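Some notes on the structure that comes next.
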Amino acid sequence: MWLKNPETICFKDIDFSKTSVLKQPPFRIRRCPVIITLADSHITAVDIQKLLEAGMNVAKFKMSSSTRGDKIRLLGKIDRAAQACSIKYNVTDWPVASCIELKTCVVKTGLLEFDSEFIILEKNSEVILTYDISYFNKCNAERIFVDNHFLVNDVKVGTEISLAADEIILKCIGVVDDKSIKCVVTKGGKLSNLCSVCTRHAKHSRPFITKKDTEIIRFALEYQIDTIIINYVRHPDTIKKIKHFVRTLKIKRPFILCGICTEEGLVNIDEILKETDGLILSREYLPYEIEKSQQYRLTQIQKWLAGKCLQAGKPLYISGGVFEHALKTGHFIDSEISDVTNALMDGVSGFILKECYEADLMVEVLKGINELCYTVEPLTISKTNFRRIIKEIKMPVNAAEATAISCVTAANQTNSRVIIVPTVSGKTIRLLHWLRPSSIIITVSTNIRVLRHLRNYRSVMPILYKGEQHSKWENNVTARVLLAVEYAVEKSWLLYGDTYVILQRGSEFSSFCDAVMIFNVSISSKPLIE
């Protein structure tokens, strides 16, 4: 019976001091998008289909562990898996976005000598860090290769260096030559292949965009990758240069997510937010790049960034430490569950899962995130939050913003479970994301690239329209709305007589969505009368 009834959306003030708040009905649909890193290029289309069915929104490629051919074949597997899901669930298409990450200032160690699984660095021992390429595959306890040509310029005497997320901590004690520095081990541990290298509170001399980054961008544009992640964004000029590079190629710009990894990025956050499409709190790098006094304030930094993104209407993703133990062992621990719960309560839009070479473990983690979101996300909907967002809006607003505010207000007052938006470019969805409505947003478009971009936003369910193109504009819009209503009814998001809200253009000559309409479901089908 639960599968037949739509979810209940209670738009009211929530009193967390009462235990009864935990007894309210959970959601049936996860609002937060999830980006999954596919590190194994040999993963099968069947396993990818399982991930899509479990709730994967965006597939992220690990550029350093696969060749160009591997990535092309992986794109083909994703397309086949999406087609299989479309046939299985009788939908026109299954939009799943693809994602890559630029190298920028991310620094890794080299390969261990003699094909060792790991080496042990003892406390108080001395080790040399070098970017001499001849030591790339000869890392040992005495000399370690790091992929940073500006190592000597960036690292000063006394600088703290973290390897593999504080598994090993070094302190620079001197410069050996123009390619190497000498360090002492202040915390020993195990070092494996290609571990991350972070320098605390150091200035990065590497250019905003390297030659390798331009090659990655060219690959992304050639094969229509939908999302690009830029880590170590220190200044908005990084994003401007990438946008300019894309414009010179005259190709539709992908969705850009900026990873905040340094203190300089935190200082320039307002300027970065104006240029980017969304932010990533890179917790695998940030705690080891900022000053020690800030290291233990990561919770406050997360809340602060979430507030900045809510105010700007941009999505915020969390990367690093998201169910990492479960991805390795298959067992969920309380600390990771609490971490994701707090992130949802802070207003985080989505999560990025690290690489995992076992598809079954990724599926189980996705199911765990689903169950957690079903329970926690209803607690994030309240009148207080909506009133706060409305008060933060700077007046006067333009007509497009006023219409979006009216749409969300109508949906909240009527307890509508669904907002339907026929869209061309997806700009209207960005306004709705700014207001964070409690309803599911069903977007209908004929452009698959637009729908894939919208997979990065919270609460959005994209549908591809492949029906007949009518001669009259009004008939085309009506056909798209009916498709969305039928899909919502089939999924039991709406029942006969339920209210839903439509946000669309009022006429063929409108340049933005300027019409809000409230309707009741007036179609009937077999599942509704059983």
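The values are calculated or read from the model by the stated rules, or taken from the named source; none is laboratory data. Please read these numbers as outputs of a predicted model, since none were measured by experiment. Cβ atoms come from the backbone with ideal geometry, glycine included; neighbour counts cover every protein chain shown. Side chains included, ligands, DNA and RNA excluded: accessible areas come from the protein's heavy atoms. Shrake-Rupley method; radii C 1.70, N 1.55, O 1.52, S 1.80 Å.
Quick look at the values:
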quantity	calculated
The chain: antiparallel DSSP beta bridges as a percent of all, rounded to 5	40 percent
Set Lys179/Lys328; Lys240/Lys466; Lys138/Lys187; Lys12/Lys243 screened for pairs whose C-alpha atoms are more than 32 Å apart	Lys179/Lys328; Lys240/Lys466; Lys12/Lys243
Ordering of 399-411, 71-83 by packing [mean C-beta count within 10 Å, highest first]	399-411, 71-83
Calculated P(r) tail over 14 Å for segment 264-347, as whole % of Cα pairs	66 percent
FRET efficiency, 1/(1 + (r/R0)^6) with R0 25 Å, evaluated for Asp15 and Glu371 via beta carbons	0.55
Average accessible surface area per residue within the chain, 1.4 Å rolling probe, Å²	46 Å²
Prolate/oblate/rounded label for segment 371-513 (Cα gyration tensor, a/c 1.5)	oblate
Euclidean distance between Cα centres, segment 76-103 to segment 454-472, Å	15 Å
Estimated FRET transfer efficiency when R0 is 45 angstrom, pair Thr299-Asn520 (beta carbons, to 0.05)	0.50
Packing-based order for 311-319, 7-15, 361-369, using average beta carbon neighbours within 10 Å, highest first	311-319, 361-369, 7-15
For segment 44-182, the fraction of alpha-carbon pairs in successive 10 Å shells from zero, as %	10, 30, 21, 18, 15, 6, 1
Value of relative contact order over the chain, rounded to a whole percent, pairs C-alpha under 8 Å and six or more apart	16 percent
Charge dipole (the chain, unit charges on Cβ, about Cα centre) - positive-most of Val155, Ala54, Trp94	Trp94
Too-long pairs where the Cα-Cα distance tops 26 Å, listed order kept, from Lys211/Lys308; Lys50/Lys71; Lys394/Lys427; Lys60/Lys391	Lys211/Lys308; Lys60/Lys391
Reachable aspartates and glutamates, given that their alpha-carbon falls under 18 Å from the alpha-carbon of Lys88 and they are not under 8 places away in the same chain	Asp47, Glu53, Asp79, Glu486, Glu490
Share of carbon and sulfur in the accessible heavy-atom surface of the chain [1.4 Å probe, %]	52 percent
Sequence ranges 455-465, 19-29, 372-382, ranked by mean other-Cβ count within 10 angstrom, highest first	455-465, 372-382, 19-29
Nearest 10 degrees, 0 to 90: helix 211-222 Cα axis against the chain principal axis	20 degrees
Two-site label geometry, Ile251 and Asp178: point separation in nm, points 7 Å out along Cα→Cβ	3.7 nm
Relative contact order (percent, whole number), segment 62-171, Cα cutoff 8 Å, 6+ residue spacing	18 percent
Segment 373-478: relative contact order in percent, alpha carbon pairs under 8 Å with at least 6 residues between	20 percent
Segment Ser406-Lys156, length gained on full extension (0.36 nm per residue, minus Cα span)	84.4 nm
Folded to 0 to 90 degrees: helix 298-312 orientation relative to the chain principal axis, Cα	40 degrees
Surrounding net charge for Ala400, when Lys and Arg each add one and Asp and Glu each subtract one, Cβ distance under 12 Å	+1
√(5λ) per eigenvalue of the Cα gyration tensor, the chain, largest first, Å	43, 24, 23
Efficiency of FRET from Cβ geometry, Ile72 and Lys241, R₀ 22 Å, rounded to 0.05	0.25
